[in-house]
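Structure record follows, encoded as structure tokens.
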Amino acid sequence: MTGEEVLAPASEADALRQQLLQAQRLSSVGELASSIAHEFNNILTTIINSAKLGQRNPDPGEKQAAFDRVVKAGQRAAVIAGGMLGFARKGGTHRQHCDVARLVEEVLVLTEKDLSKHRVQVDTRFHSRPRAWAVPGQVEQILVNLVINARQAMPGGGRLRLEVRESPDGETVEVKVADTGVGIPPDQLRLIFEPFFTTKQPDEYGRGGTGLGLSVCRQIVEQHHGRIRVESVAGKGSTFTLKLPKRLPGDPG
């Protein structure tokens, strides 16, 4: 041993980074799987019952109404399934101009049932629909992490607020994710973006946080030349603010 630090080749480091992002993305899907499975069960019940009513009812108007419910429920299932598959598979690194409000809407499709199940009310405020120069799947990954963390911080229910606006200087897109949960103690605020640090207690199955969610969020934001910060008051909630550039130096504007 010479005492010199041996670094992995850039390609190997990049590959490991992408594996971490994908593993964390799939972990988020696992967090949502139970609620989404429950929603699919409700959708299938609606489809089966409506189809049976349509078959038995001789009235053309009632029959059409029943089949309309079948179509509507099927479309809802397709949206959810498409959102889940898209989120799980989005592993690219290609930047593009993203409608950030649209990404928030797509994330809420995935998390809506989970939030409702835990009595979390959602308030969205799109002050504008600015575009960020970003990797869509990675921004969605940040938002899913922040939404799940917010829900977990409100075990008895609460209110989640998501805001999107353009910064006053017109250079960045700002997203706020605010909850009315338990908050973060001041001595832990400086640690929450560190790898493997978690404030989550094990649940009834002995599962706790991995401590990778916010660390991955920070990693993605830094790769985008953006910023992420948190403000929190113990017992009153936390607000995470994400800032993404509308374009990067040297990138097309």
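Before moving on, here are some points about what is shown:
- Radius ratio Rg over Rh of region 45-170, counting only Cα atoms, Kirkwood formula for Rh: 1.11
- Were the residues from HIS127 through GLU62 laid out at 0.36 nm apart, the gain over their Cα-Cα distance would be 19.2 nm.
- Inter-label distance for ARG227 and LEU53, nm, one decimal - labels placed 7 Å from Cα along Cα-to-Cβ: 5.4 nm
- Per principal axis, descending, Cα span of region 94-245 in whole Å: 43, 30, 27
- Multiplying the residue separation of LYS117 and ALA37 by 0.36 nm and removing their Cα-Cα distance gives an extension gain of 27.6 nm.
- Taking Lys and Arg as +1 and Asp and Glu as -1, the other residues whose beta-carbon sits under 13 Å from that of THR45 total +2.
Each value in this text was obtained by applying a stated rule to the coordinates, not by laboratory testing. Computed from a predicted structure; not experimentally measured. Note that we place each Cβ from the backbone using ideal geometry, even for glycine, and neighbour counts take in every protein chain shown.
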